[in-house]
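Scroll down for the structure; my scribbles are underneath it.
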Amino acid sequence: MKDNISKNLVDLHGRIAEACEKYNRDTDDITIVAVTKTHSPAIIKTAVAVGLHNIGESKIQEAEPKILEVGPIARFHLVGHLQTNKVKKAVQLFDMIQSVDSLKLAEEISRRAGEIDRTIECLIEVNCSGESQKYGISPDQCLDLVRQTNALNNINLVGLMTIGPFVDNEQVIRDAFSQCRRLFRQAQDVVGDQFDTLSMGMTHDFPIAIAEGATMLRIGTALFGARD
């Protein structure tokens with residue numbers, strides 16, 4: 001298992017380096033979040049052992065027993081949709097919440113984090129694909145949510161996140177990522193230097209995301225194989 005993940009990581013680093021060279025990006029500017037949803041705590045431990053220090057999970061109920069078992073061995077990112085009734089647990093478990101998509105959710109995160117004297121790093125999730133089944137704030141409401149969230153006491157707002165459209169048309173994917181990049185740059189003018197994280201790109205589309213300015217990739221399949 002360790003050998004496989006280690007080999008996959010070497011391959012992934014090679015593909016990232018190739019994309020960075022092609023699009024004039026610096027590999028040091030790219031952070032990999034290893035998405036371990038559906039995988040065991042042993043996989044998380046192995047991922048950390050081979051040098052993956054950011055771990056992504058999608059669901060509170062699945063992530064909680066795994067995170068409690070492995071302990072604080074990595075930075076844990078919630079990359080899936082968060083319901084307000086799960087926020088109390090989320091602020092205890094995660095270092096970053098990547099899926100803030102409403103003021104109501106942001107306010108609850110800040111309130112619950114304040115109760116345990118924490119400040120949580122957050123990203124605003126933007127629905128740049130326009131797909132109705134996807135979560136995320138609409139692009140035209142993004143900057144208002146950035147301003148409102150940035151004013152909350154127990155949130156450190158550091159960037160945007162989007163999920164590319166699940167299509168074969170590379171231009172459609174690129175257009176969505178490009179829109180998110182433009183919003184990211186506009187939001188930087190609102191928030192300031194701390195706003196430095198653009199989380200977009202997964203196994204199937206990360207080279208396009210790198211081309212469009214991603215600083216954080218959420219990678220599962222390329223590291224751990226197809227999910228069950």
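The table for this structure:
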quantity	calculated
Filter result (more than 17 Å from Asp205 (Cα to Cα) and out of contact with any Cys (no Cβ under 8 Å at 6 or more places or on another chain)) within segment 171-191	Arg182, Phe184, Arg185, Gln186, Gln188, Asp189, Val190, Val191
Residue within segment 219-228 that is charged (D, E, K, R) and either at pLDDT 95 or above or within 17 Å of the chain's Cα centre (by Cα) (or both) present	no
Qualifying residue in segment 126-140 (condition: modelled with pLDDT of 95 or more, touching a Phe, Trp or Tyr at 6+ places or on another chain (Cβ under 7 Å) and part of a strand (DSSP E or B))	no
Sole residue being over 16 Å from the mean Cα position of the chain (by Cα) and either of a type in the set (A, V, I, L, M) or surrounded by 15 or more Cβ atoms within 10 Å (Cβ to Cβ) (or both), chosen from Val50, Val126, Val91, Val79	Val50
Selection count where residues are among the hydrophobic types (A, V, I, L, M, F, W, C) and outside any helix (DSSP H, G or I), scope segment 141-158	5
Test: residue in segment 177-191 that is among the polar types (S, T, N, Q), crowded, with 16+ Cβ neighbours inside 10 Å and under 13 Å from the mean Cα position of the chain (by Cα)	no
Test: residue in segment 159-170 that is in contact with a Cys (Cβ under 7 Å, 6 or more places away or on another chain) and either among the polar types (S, T, N, Q) or assigned to a loop (DSSP other than H, G, I, E, B) (or both)	yes
Odd one out for Asp3, checked against (1) farther than 15 Å from Ile219 by Cβ; (2) assigned to a helix (DSSP H, G or I); (3) at pLDDT 95 or above; (4) not aromatic (Phe, Trp, Tyr)	(3)
Options Ala113, Ala63, Ala47; residue that is touching a helix residue (DSSP H, G or I) at 6+ places or on another chain (Cβ under 8 Å), part of a helix (DSSP H, G or I), among the aliphatic types (A, V, I, L, M) and over 24 Å from Ile163 (Cβ atoms)	Ala113
Subset tally (residues that are within 17 Å of the chain's Cα centre (by Cα), part of a helix (DSSP H, G or I) and over 21 Å from Phe184 (Cα atoms)) for segment 94-110	1
Hits in segment 13-37 (condition: more than 24 Å from Gly159 (Cα to Cα) and within 17 Å of the chain's Cα centre (by Cα))	none
Of the criteria (1) farther than 30 Å from Ala176 by Cα; (2) in contact with a Phe, Trp or Tyr (Cβ under 7 Å, 6 or more places away or on another chain); (3) in contact (Cβ under 8 Å) with a residue 40 or more places away in the chain, which one Ile67 fails	(3)
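Rundown of residues vs (1) out of contact with any strand residue (DSSP E or B) (no Cβ under 6 Å at 6 or more places or on another chain); (2) not basic (Lys, Arg), yes/no style:
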position	(1), (2)
Val158	no, yes
Ile173	yes, yes
Gln179	yes, yes
Gln188	yes, yes
Ile208	yes, yes
Thr215	no, yes
Ala222	yes, yes
Arg227	yes, no
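The values are calculated or read from the model by the stated rules, or taken from the named source; none is laboratory data. Since this is a predicted model, take the numbers as computed values, not measurements. A quick note on method: Cβ atoms are made from the backbone with ideal geometry, for glycine too, and the neighbour counts reach across all protein chains shown.
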